[in-house]
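Read-outs: derived from the displayed coordinates by stated rules, not from any lab. Because the structure is a prediction, the values reported are computed rather than measured. All Cβ positions, even for glycine, are placed from backbone atoms using ideal geometry, and neighbour counts span all protein chains on display.
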């Protein structure tokens, strides 16, 4: 009898020990950092929950997005690292005001969180007011959920007077990172949805001059040099002069353009790919992301090149107030539209070698640049809104191949 009891105890101990030893997914919190791990896929995602931003996204030790070496540097420059959220509006507006529900809302430039004459990228990025909802793992995934009560911040509401909350969940499962966003409209009027994200992707091998891009999109929106859509569109192949699935970045200088009519798979997802030497990085957008913005600058000597046209990337919350700018609207002349991606200019013979490998941002966007004001003018037809008391939710996924 005693031998049977000992044997039974060994079996029970083994049953309890096996799941822990073979645990694929973990979510470990260390202060304001949550580390999500998929041990089988060797995917590690470090999320700063107080900012709801991913500091590092790695597969087999290779970074998928541009980041900072130290957490302090990441927190100081969140606009150029990780997975920045562009809210309550993504990218540019053609004046220091926006339209919603037939009304015009003028920005207060003295508050400093919106600047003119072309407001850009919203002002939520960089906020440390996010709350940790949960950080957990089970047999299917590991995740962390964070929530921002937008309506509690007077300066936020002064510029975008729609009371709402933003809830974000980062989830690793089966070798994929899902970034899910939910908006809950607490106001008494329909709330327009024009948010987006600004992740800067790179491959571990080669440089921008080696990489090829594939875009699951059919239509390019023609823009003036200030990166504002004119309302005119054209097939994506006409803009790039090549098949949309085989775009060689080395052939183009600045690309900072909006693409719609996304090509969906059976799950309703449209996938953008960055490819070289057998390695691929995929970004797949769910159905409620109607737009992708592709941004990439050519390789350059130390110092590089940034975005032009009324405010660069990363001009986030807390920026110093600028001299009040004209209220607009900024003139958008279709005759100025850029109809062909400018060819890359080779460096001079005596130019120093580039210091970086380059990048491309596949930016998931709910709507096109300047969607609020173009919808008011009747130019943009796909503006999404949330009914009072309602919610909006969507995800995008990041996966790799050949790593």
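Odds and ends about this structure:
- Of all DSSP beta bridges in the chain, antiparallel share, percent nearest 5: 100
- On the basis of the beta-carbon distance and an R0 of 30 Å, residue 355 and residue 131 show a calculated FRET efficiency of 0.15.
- Segment 86-159 shape via C-alpha gyration tensor axes, a/c threshold 1.5: prolate
- GNM remark for the chain: springs join alpha carbons under 10 Å apart, and the peak mean-square fluctuation among 136, 104, 218 falls on 104.
- Residue order, fewest to most surrounding Cβ atoms within 10 angstrom, among 222, 368: 222, 368
- For segment 22-170, the fraction of C-alpha pairs farther apart than 28 angstrom is 29 percent.
- Computed FRET value (nearest 0.05) for residue 152 with residue 234, which takes r as the C-beta separation and R₀ as 51 Å: 0.70
- Computed [θ] at 222 nm, deg cm²/dmol, the chain (DSSP H ≥ 4; -39,500 (n - 2.57); rounded to nearest 500): -3000 deg cm²/dmol
- Using R0 = 22 Å, the C-beta based FRET efficiency linking residue 140 and residue 387 works out to 0.10.
- Multiplying the residue separation of residue 339 and residue 250 by 0.36 nm and subtracting their alpha-carbon distance yields 30.2 nm.
- Take the Cα of residue 106, step 7 Å toward its Cβ, do the same at residue 32, and the gap between the two points is 3.6 nm.
- Cα gyration tensor shape for segment 140-290, rounded if a/c is under 1.5, else prolate or oblate: oblate
- For the chain, alpha-carbon Rg over 2.2 N^0.38 Å: 1.05
- With Cα atoms, 0 to 90° folded angle of helix 2-21 axis to the chain main axis: 10
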